[in-house]
Amino acid sequence: MEHLPWVEPFLQRIKEEYHRPPHKWTLQEPEKATMDYVYKLAEEDDVFDTAKLKQVCGKALRNGEATVYRCCSDLGELILVSLTKDPTKPLWNLWWRCVRLLIPPTKQVRIVFFGHPSKRIIPHATKPITEVHVNGGATMPCDPRAIVIYRKEEMSRVLLHELLHASCSDPYHKDTPHIEADTEAWAELILCAMAAKGELRTWIRLTTQQMKWATRQAATIQTYHKVRSPKDYAWRYLVGRLDVWNRLGLPVPPIPTHFISTQSLRFSICEPDNL
C-alpha cells in the first residue's frame with residue numbers, strides 16, 4: 001500500500017490534523033431556534049430514515065426522556081439528542097477534527113445527532129437488505145448545515161460519509177449507487193487513517209482488517225440476500241466499496257467462498273479515539 005502515489009499525501013493530511021490541538025469548543029444552552037430545528041427534523045418524513053428513528057428520539061425529547069446538547073465553535077454547531085435510557089457519549093474532539101479535515105473553514109456546519117440505539121442487524125436469509133437495515137444519516141450535497149445522523153452506532157463513520165457529500169466531493173458524473181460507493185469507500189479509509197493518526201503501518205493494519213471485514217460482509221449478502229448489482233440497494237454500501245478500493249490499487253482480498261456469515265451490518269470495525 002505504501003507505494004501507491006496517493007497514500008503519502010493522504011496520510012500526511014491526517015498527520016497534520018493530529019499535530020494540531022483539538023478544536024476549541026464550548027457547550028451552550030440550546031436556544032429556542034435550536035430546539036425548533038431539532039423538533040422539525042424529528043417530525044418530518046425522511047425517505048432515508050424509514051425506521052423513523054428520528055421521530056422516536058423526538059418523542060422521547062418531548063416526554064422529558066432525552067437531553068439536547070449544543071456544542072459550538074467558530075466552525076458552527078454540533079447538536080446531540082441523547083436518550084436518558086441509553087445515553088450517547090459525545091465525541092466532540094473527534095467530530096470537530098472530522099469537520100476540520102473535510103469542510104473549508106469559510107463554511108459553517110450544523111450537524112444534528114439523534115442517538116438512537118438501533119443496531120444494523122442483518123435480516124433473515126433471503127430477505128432483502130433495505131434502507132431500514134443500513135442507513136444512518138443524510139445530508140444535502142454541498143450543504144454542511146444540513147447534516148443529520150440518527151443512529152448511535154457508527155456515528156463517526158457516518159459523519160465522515162455525510163461530510164464528504166457536504167464538501168462537494170461527489171463524483172457527479174456517476175449514478176447514485178456509484179456515488180454512494182465512492183463516498184463510503186473514502187469514509188472508511190479516512191476513519192482508519194484517523195484511528196492511526198496518519199501513521200502508515202498502523203493505517204495499513206487497520207485498513208487490511210477493514211477490507212477483510214468488508215469482503216466477509218459482501219460474501220454474506222451476496223450468498224444469502226442476493227445482492228448482485230447496483231440495482232440492489234445494499235450494493236452501494238457493502239459491495240461497491242470493494243470496487244472503489246480495487247480501483248485505488250489497494251490489495252482487496254477476494255470475496256471468500258467459504259466463510260462464517262456476519263450478523264452485523266455495521267460497515268466499519270475501526271473506532272478512532274476522542275482525541
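Things to note:
- Out of Lys107, Lys119, sole residue that is under 27 Å from Thr262 (Cβ atoms) and of a type outside the set (Asp, Glu): Lys119
- Subset of region 5-44 [exposed (fewer than 12 other Cβ atoms within 10 Å of the Cβ), touching a Lys or Arg at 6+ places or on another chain (Cβ under 9 Å) and basic (Lys, Arg)]: Arg20
- Top-ranked residue of region 112-128 - restricted to ones that are surrounded by 20 or more Cβ atoms within 10 Å (Cβ to Cβ) and β-branched (Val, Ile, Thr), ranked as farthest from Arg266 (Cα to Cα): Val112
To keep it simple, each residue is scored yes or no on (1) outside any strand (DSSP E or B); (2) closer than 22 Å to Leu80 by Cα; (3) among the polar types (S, T, N, Q); (4) touching a helix residue (DSSP H, G or I) at 6+ places or on another chain (Cβ under 6 Å).
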site	(1), (2), (3), (4)
Pro104	yes, no, no, no
Ile111	no, yes, no, no
Gly115	no, yes, no, no
Lys119	yes, yes, no, no
Lys127	yes, no, no, no
Ala138	no, yes, no, no
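- Of the residues making up region 228-236, not a single one is over 17 Å from Thr130 (Cβ atoms) and either more than 18 Å from the chain's Cα centre (by Cα) or in contact (Cβ under 8 Å) with a residue 12 or more places away in the chain (or both).
- Considering region 1-101, the qualifying helices (runs of 4 or more DSSP H), each wholly inside and each with 2 or more residues that are more than 14 Å from Ile149 (Cα to Cα) and touching a residue at least 60 places away in the same chain (Cβ under 8 Å), run over 7-19.
- Test: residue in region 132-149 that is touching a residue at least 40 places away in the same chain (Cβ under 8 Å), buried (at least 17 other Cβ atoms within 10 Å of the Cβ) and among the charged types (D, E, K, R): no
- Enumeration of residues in region 164-180 that are surrounded by 24 or more Cβ atoms within 10 Å (Cβ to Cβ) and touching an Asp or Glu at 6+ places or on another chain (Cβ under 7 Å): Ala166
- Check on Arg157, surrounded by 22 or more Cβ atoms within 10 Å (Cβ to Cβ), modelled with pLDDT of 95 or more, more than 26 Å from Gln217 (Cα to Cα) and touching an Asp or Glu at 6+ places or on another chain (Cβ under 8 Å): no
- Some residue of region 6-17 being acidic (Asp, Glu), closer than 30 Å to Arg205 by Cα and more than 23 Å from the chain's Cα centre (by Cα): yes
- Selection count where residues are within 21 Å of Gly136 (Cβ to Cβ), among the polar types (S, T, N, Q) and in a loop (DSSP other than H, G, I, E, B), scope region 220-275: 4
- A single member of Lys127, Lys152, Lys119 is touching a Lys or Arg at 6+ places or on another chain (Cβ under 8 Å) and within 21 Å of Thr50 (Cβ to Cβ), and it is Lys119.
The values are calculated or read from the model by the stated rules, or taken from the named source; none is laboratory data. What you see is a predicted model, and the numbers here were worked out from it, not measured in a lab. Quick reminder, even Gly has a Cβ in these numbers, built from the backbone with ideal geometry, and neighbours come from all protein chains shown.
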